[in-house]
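A.B. asks: What follows is a structure written as structure tokens; I'll ask about it next.
The values are calculated or read from the model by the stated rules, or taken from the named source; none is laboratory data. Predicted, not measured: the structure shown is a model, and the values here were computed from it. Neighbour counts run over all protein chains shown; Cβ positions are idealised from the backbone, glycine included. To get the accessible areas, we keep the full protein, side chains included, count just its heavy atoms, and leave off ligands, DNA and RNA. Shrake-Rupley method; radii C 1.70, N 1.55, O 1.52, S 1.80 Å.
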Amino acid sequence: MKTILTFLFLFIGLSISAQISELDYIELRRELSQKINQLRNSKGLKPLESNIILRKAAKNQSVYMAENKKLGHSQLKFELGSPKKRVKYFKGFEFVLVGENVLHTSRIRLPLNKKKLESIADEMFLSWKNSSGHYANMVKPEYEFGDIDFQYDSGKQVIYATHVFGKRGIQIKGQLSNNAFGLIEDEDDCYSEYGSIDNILANMGNDISIEGNKVMFYYHSFYYFNQIFSSNNDGIAIDLVFRDQLSCGSPNQIDYSPIYDGILLKPVYKDEILRNNIAKSKYRIIAQIGTIPDSLMSRAFSCSIVLIKNGKKCKYLIPGDVPSKRYQLRPIKPRLKNLKNIRLEKSGIIETHELIYDFETNITTPIEYPTIKENSNSIHSIEILSFSSVEGDARKNEVLHNQRAQAIKRHLLQELKNQNPKITIDAKENWDKMYFQLRYFLADDLAVLPKETLKNIIASKDDRLPWDSLLFNQRKSIAIIHYEGTAIDASDKDKILKMNFKTAVLNKNFNLANKALFEMYYAETFSSEFLYEEAIFKTIIQYPELTQNVAALLSKSYKNNLSKTIEFLFNWLNKEKEISKESKYNLLHLYTLLSSDLLNSWDISAKRLSNVIHPTIVENLIEDDFDSELMLNLNLTFIRYFGQINDRPNTTKAFDFIVDYFSARTLNIEDEIDLALFYNDWSRYDLTNKNLLIRFNEGELNERGVFILLKTLNFYKKDNEGISWYEDIYLKALELNPQRWCTWVREEFQILRDEEIKNLYCDKCEKN
């Protein structure tokens, strides 16, 4: 028994001696801290103050490394996953800057004495001093606090050590809430709930506009909005970060709140954002999300975004200038029909005069008779286009429009006195106008109804459309007086060409009409308004023989009358069997131009957009062998349309076509840069960084490209791509154009959060 007891006492004594006491850790901490502060003192830096919170974080990491027998700065638990998270876990919310050094010693023999502890402290200090990253932490001027703790691994017989550094923030005065409006930081991995849309989230920081004292939110996609704000507990808050918080000559003044850095505005949540939405398009969000107090409006500030998930702060987004540019349509030359053996005439329809007659319901006498201007030319012929509106009985309407035609004819003969011109009459219910009006007012559901059903809807006083106004316009009747004569001034080519075209149209001489259109296209100046005259327009939407050259001419003048040009385009979309391949080509070209104009409006009624320029309306005009430039223009149009309506699969399809188009060609550096700007326009910052980094590393990137890469990397770094090159890139940009670099940082002043850039900026840009 005595032998057994002696063994037990010996075993217990060895176990106790095989551990390191807290007094040993205190002495080791004192020795190591003293050496580190002596180093800082030699650099003219203030010593690091001890801090119990930093020590707790250091102990936690040292224990973790000892248990897992592996050096590192991360842990598996989300709330302890990084040095900064560990400091916050131990309630160190005031620390806005956190760093960490770790190591383990070589094998040591226990027990320890003062001499051994001094030797271990020397080993630890030299290990960190001789490592550039660890050394940088020890001598970083911004750090004010530092504390160290240890854990002994009896199995490996080594000590794991962790040194945690910190800089305390401050409290920004003038807060609108004393508790961040009740927001707390989410300690779980809330970011994973957004899925793989980090580029879309990053871009949200650029969707804020200050209008007066209102903070407006312009968001491009209802699809992504609902993905980001999936419940009514998800929202957004604006953090006003002020320029004077990041001034040269003093440390950055960042509030130590875990929620905000400047002054936080009241959060708004999903249901309130939707209630405030004033966008015309169902795919857009335009809503006020904050009001800036008048007392702050005179200060320079930038709006950061606090993204709220499940009622808690999840992510902090900083805005940034990201260069982007959409591709302009490639210049396309329409295909014109040129009949070289056709000569222009010297005489014909020299002038056309249109007279408008308005009629009230069931009345055959015009509200007012128009005045016929005096004209020295003789009348060739007169066309009367007389209409009844489509409501009511068809037989009664037939009587009405015929009697209106006769009233117009009597007026003309009375005014023209002894002249006896040839008069043709086209009188009918104005269903052509009715169907165009329904398309224009987006009433597609009505346009497909039988005529009698539509008449009944009108009679029922249905309030979906302004029927009185539409019907009044349907009754608008026209007399077109054609005057004949000779073009005396041969130098007035515009007049000669119009004369030939009008004469040819009236006589259905399509060869002469196309010859005149061809000459008009290549004329230095011409006025195209005549194409929209009722008599002319009626012809160009009636005869497929004219479509090719008319479409070509309208591609130069469509802005003069968008509505009529759209009507012309729509007229031929479902008549592909009637028109030539060249006509289809020109119509597609005209479609891209019209669509590009309409898409310039960021917020447009989705239904209006769909009715006018949905890509499906032109699919039947596309031929397999149309040249790649036209197909590129179509896809440049499609991507903008599908982007407007948040159709992601078709947007991706058009995006891939455009990328493949350019990738298949040898790109010079300017082409490469234009492609990068296109990537940025579609939030594909990863592709910009990847491609321009290759050019940068090969020394091929010019100043424009370097600044685009710099700004894109500053805004978005996916999976740390480009971080190792970031310093080289901003130094290169500074070398290439110091003034431009300084202006960029001055305007995007939140860049000064980076202490290295701030030191460089203050030295290079603010000294003078």
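For every residue, the table says whether it meets (1) over 29 Å from Glu360 (Cβ atoms); (2) not hydroxyl-bearing (Ser, Thr, Tyr).
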{"site": "Trp431", "(1), (2)": "no, yes"}
{"site": "Tyr440", "(1), (2)": "no, no"}
{"site": "Asp444", "(1), (2)": "yes, yes"}
{"site": "Ile481", "(1), (2)": "no, yes"}
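A.B. asks: Looking at segment 267-285 only, could you name the residues that are surrounded by fewer than 20 Cβ atoms within 10 Å (Cβ to Cβ), touching a residue at least 24 places away in the same chain (Cβ under 8 Å) and under 21 Å from the mean Cα position of the chain (by Cα)?
C.D. replies: Passing the criteria: Lys270, Ala279, Lys280, Lys282.
A.B. asks: Here's another thing I want to ask about it. Regarding Lys46, is this residue part of a loop (DSSP other than H, G, I, E, B) and surrounded by fewer than 20 Cβ atoms within 10 Å (Cβ to Cβ)?
C.D. replies: Values: part of a loop (DSSP other than H, G, I, E, B): yes; surrounded by fewer than 20 Cβ atoms within 10 Å (Cβ to Cβ): yes.
Here the answer is yes, as Lys46 does meet what is asked.
A.B. asks: Within segment 353-369, track down each residue that is open to solvent by less than 60 Å² (accessible area, probe 1.4 Å) and in a loop (DSSP other than H, G, I, E, B).
C.D. replies: Asp358, Phe359, Thr364, Pro366
A.B. asks: Here are some conditions: (1) open to solvent by less than 10 Å² (accessible area, probe 1.4 Å); (2) modelled with pLDDT of 90 or more; (3) under 26 Å from the mean Cα position of the chain (by Cα); (4) within 19 Å of Ile541 (Cβ to Cβ). Val618 meets all but one. Which one does it not meet?
C.D. replies: Single failed check for Val618: (2).
Let's see how each residue does on (1) in a helix (DSSP H, G or I); (2) at pLDDT below 95; (3) among the small types (Gly, Ala, Ser):
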position	(1), (2), (3)
Tyr558	yes, yes, no
Leu569	yes, yes, no
Glu582	yes, no, no
Asn586	yes, no, no
His589	yes, no, no
Ser595	yes, yes, yes
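A.B. asks: Please go through segment 403-422 and give me each residue that is crowded, with 16+ Cβ neighbours inside 10 Å and either farther than 21 Å from Glu368 by Cβ or basic (Lys, Arg) (or both), ordered by number.
C.D. replies: Hits for segment 403-422 are Arg404, Lys409.
A.B. asks: Could you list, in sequence order, all residues of segment 113-138 that are surrounded by fewer than 16 Cβ atoms within 10 Å (Cβ to Cβ) and of a type in the set (A, V, I, L, M, F, W, C)?
C.D. replies: Leu126, Ala136
A.B. asks: Can you tell me which residue among Leu344, Leu317, Leu339, Leu329 is under 23 Å from Leu497 (Cα atoms) and surrounded by 15 or more Cβ atoms within 10 Å (Cβ to Cβ)? Step through it out loud before you land on a result.
C.D. replies: On the way: Leu317 fails: under 23 Å from Leu497 (Cα atoms); Leu339 fails: surrounded by 15 or more Cβ atoms within 10 Å (Cβ to Cβ); Leu329 fails: under 23 Å from Leu497 (Cα atoms).
Just a single option satisfies the conditions, and that option is Leu344.
A.B. asks: While we're on this one: Would you confirm whether any residue within segment 258-267 is in a loop (DSSP other than H, G, I, E, B), at pLDDT below 95 and among the hydrophobic types (A, V, I, L, M, F, W, C)?
C.D. replies: For segment 258-267, residues in a loop (DSSP other than H, G, I, E, B), at pLDDT below 95 and among the hydrophobic types (A, V, I, L, M, F, W, C): present.
A.B. asks: How many residues are touching a residue at least 40 places away in the same chain (Cβ under 8 Å) and in a helix (DSSP H, G or I) when one looks only at segment 407-445?
C.D. replies: First pass over segment 407-445, keeping only residues touching a residue at least 40 places away in the same chain (Cβ under 8 Å): 407-408, 411-412, 415-416, 419, 421-431, 433-434, 436, 439-440, 442, 444.
Within this subset, residues satisfying the condition of being in a helix (DSSP H, G or I) are 407-408, 411-412, 415-416, 431, 433-434, 436, 439-440, 444.
Of the residues in that region, 13 qualify.
A.B. asks: Out of the residues in segment 370-401 that are within 18 Å of Lys433 (Cα to Cα) and part of a helix (DSSP H, G or I), which is most open to solvent (accessible area, probe 1.4 Å)?
C.D. replies: The extreme case among them is Glu398.
A.B. asks: Would you point out which residue out of Ile751, Ile729 is among the aliphatic types (A, V, I, L, M) and closer than 20 Å to Val241 by Cβ? Even if it seems obvious, please write down each step before you answer.
C.D. replies: Details: Ile729 fails: closer than 20 Å to Val241 by Cβ.
After ruling out the rest, the residue left standing is Ile751.
A.B. asks: Is one or more of the residues making up segment 673-682 at pLDDT 90 or above and on the phi > 0 side of the Ramachandran plot?
C.D. replies: For segment 673-682, residues at pLDDT 90 or above and on the phi > 0 side of the Ramachandran plot: absent.
A.B. asks: When the residues of segment 181-211 are narrowed to those that are open to solvent by less than 60 Å² (accessible area, probe 1.4 Å) and free of Cβ contacts under 8 Å to residues at least 12 places away in the same chain, which ends up nearest to Leu317 (Cα to Cα)?
C.D. replies: It comes out as Ser209.
A.B. asks: For segment 145-177, which residues satisfy the criterion of being within 18 Å of Lys91 (Cβ to Cβ) and surrounded by fewer than 18 Cβ atoms within 10 Å (Cβ to Cβ)?
C.D. replies: Within segment 145-177, Arg168, Ile170, Gln171 meet the criteria.
A.B. asks: Consider segment 537-563. How many of its residues are among the polar types (S, T, N, Q), within 37 Å of the chain's Cα centre (by Cα) and within 23 Å of Asp432 (Cα to Cα)?
C.D. replies: 5
Yes/no per residue for (1) open to solvent by 20 Å² or more (accessible area, probe 1.4 Å); (2) in a helix (DSSP H, G or I); (3) among the acidic types (Asp, Glu):
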residue	(1), (2), (3)
Ile488	yes, no, no
Lys498	yes, yes, no
Val505	no, yes, no
Lys508	yes, no, no
Tyr521	yes, yes, no
Phe526	yes, no, no
Phe530	no, yes, no
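A.B. asks: Same structure again: Looking at Leu709, Leu731, Leu693 in this structure, which one is open to solvent by less than 50 Å² (accessible area, probe 1.4 Å), at pLDDT 90 or above and out of contact with any Lys or Arg (no Cβ under 9 Å at 6 or more places or on another chain)? Talk me through it step by step, then tell me what you get.
C.D. replies: Working: Leu709 fails: out of contact with any Lys or Arg (no Cβ under 9 Å at 6 or more places or on another chain); Leu731 fails: open to solvent by less than 50 Å² (accessible area, probe 1.4 Å).
Exactly one of Leu709, Leu731, Leu693 is open to solvent by less than 50 Å² (accessible area, probe 1.4 Å), at pLDDT 90 or above and out of contact with any Lys or Arg (no Cβ under 9 Å at 6 or more places or on another chain), namely Leu693.
A.B. asks: From the list Lys309, Lys325, which one is in contact with a helix residue (DSSP H, G or I) (Cβ under 8 Å, 6 or more places away or on another chain) and more than 30 Å from Glu672 (Cβ to Cβ)?
C.D. replies: Numbers: Lys325 fails: more than 30 Å from Glu672 (Cβ to Cβ).
Only one candidate qualifies: Lys309.
A.B. asks: Return the residues of segment 643-686 that are without any contact (Cβ under 8 Å) to a residue 60 or more places away in the chain, under 26 Å from Gly320 (Cα atoms) and open to solvent by 40 Å² or more (accessible area, probe 1.4 Å); say none if nothing qualifies.
C.D. replies: Thr652, Glu670, Asp671, Trp682, listed by residue number.
A.B. asks: Which one of Tyr223, Tyr218, Tyr191 is over 27 Å from Leu246 (Cβ atoms) and not in a loop (DSSP other than H, G, I, E, B)? Before the answer, list the steps.
C.D. replies: Working: Tyr218 fails: over 27 Å from Leu246 (Cβ atoms); Tyr191 fails: over 27 Å from Leu246 (Cβ atoms).
Going through Tyr223, Tyr218, Tyr191 in turn, the sole match is Tyr223.
A.B. asks: From the set of residues in segment 78-112 that are part of a loop (DSSP other than H, G, I, E, B) and open to solvent by less than 40 Å² (accessible area, probe 1.4 Å), which is nearest to Ser192 (Cα to Cα)? Steps first, answer last, please.
C.D. replies: Going residue by residue through segment 78-112, those that are part of a loop (DSSP other than H, G, I, E, B) are 81-82, 90-94, 105-112.
Add one more test, that the residue is open to solvent by less than 40 Å² (accessible area, probe 1.4 Å), and what stays is 81-82, 92, 94, 105, 108, 112.
Numbers: Gly81: 15, Ser82: 17, Gly92: 25, Glu94: 26, Thr105: 37, Ile108: 43, Leu112: 47 Å.
So, considering only residues that are part of a loop (DSSP other than H, G, I, E, B) and open to solvent by less than 40 Å² (accessible area, probe 1.4 Å), the one nearest to Ser192 (Cα to Cα) is Gly81.
A.B. asks: Please determine, by comparing only the residues of segment 630-688 that are among the charged types (D, E, K, R) and within 15 Å of the chain's Cα centre (by Cα), which one is farthest from Leu713 (Cα to Cα). Steps first, answer last, please.
C.D. replies: Within segment 630-688, the subset among the charged types (D, E, K, R) is 640, 647-648, 653, 656, 660, 665, 670-672, 674, 681, 684, 686.
Next, only the ones that are within 15 Å of the chain's Cα centre (by Cα) stay: 640, 647-648, 681, 684.
Details: Arg640: 25, Asp647: 28, Arg648: 25, Asp681: 15, Arg684: 12 Å.
Going through the qualifying residues, I end up with Asp647.
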